[in-house]
1. Suppose the filter is part of a loop (DSSP other than H, G, I, E, B), hydrophobic (A, V, I, L, M, F, W, C) and touching a Cys at 6+ places or on another chain (Cβ under 8 Å); does Val10 pass it?
2. Under 6 Å between Cβ atoms, which residue pairs at least 6 apart in sequence (or on different chains) link something in segment 64-79 that is surrounded by fewer than 13 Cβ atoms within 10 Å (Cβ to Cβ) and part of a loop (DSSP other than H, G, I, E, B) with a partner that is of a type in the set (D, E, K, R) and at pLDDT 90 or above?
3. Could you check Gly19 against (1) surrounded by 10 or more Cβ atoms within 10 Å (Cβ to Cβ); (2) at positive phi and say which number it fails?
4. Give me the pairs, please: first residue somewhere in segment 36-61 and closer than 16 Å to Asn74 by Cβ and open to solvent by less than 40 Å² (accessible area, probe 1.4 Å), second residue anywhere and among the charged types (D, E, K, R) and assigned to a loop (DSSP other than H, G, I, E, B), beta-carbon distance under 8 Å, and either six or more positions apart or on two chains.
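The values are calculated or read from the model by the stated rules, or taken from the named source; none is laboratory data. Because the structure is a prediction, the values reported are computed rather than measured. Quick reminder, even Gly has a Cβ in these numbers, built from the backbone with ideal geometry, and neighbours come from all protein chains shown. Heads up: the accessible areas ignore ligands, DNA and RNA and are worked out on the full protein's heavy atoms, side chains in. Shrake-Rupley method; radii C 1.70, N 1.55, O 1.52, S 1.80 Å.
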Amino acid sequence: GSDDVIAGNVSKYTVLPAGYCGQPKKGHLTFDACFESGNLGRVDHITEFEYDLFIRPDTCNPRFRVWFNFTVENVKESQ
């Protein structure tokens, strides 16, 4: 297949819309999986309310991606 290799976890990664310049604002979500059992490898911004999340495979069995563990910060009301 066309699976991309995801090597590590995102660490306090703020996802900004394409073409946005400047400091992150409220609602520009910050994802973090840099802790024990974290497994979020990549995040792509689609819309204000939609993101593609790429979960890293389990360490001992790379065929499985049946769980996820990460945090999200900087949300705004009603997001």
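1. Details: part of a loop (DSSP other than H, G, I, E, B): yes; hydrophobic (A, V, I, L, M, F, W, C): yes; touching a Cys at 6+ places or on another chain (Cβ under 8 Å): yes.
In short, yes.
2. Cβ pairs passing all conditions: Lys76/Lys26.
3. (1)
4. What qualifies is Leu40/Arg56.
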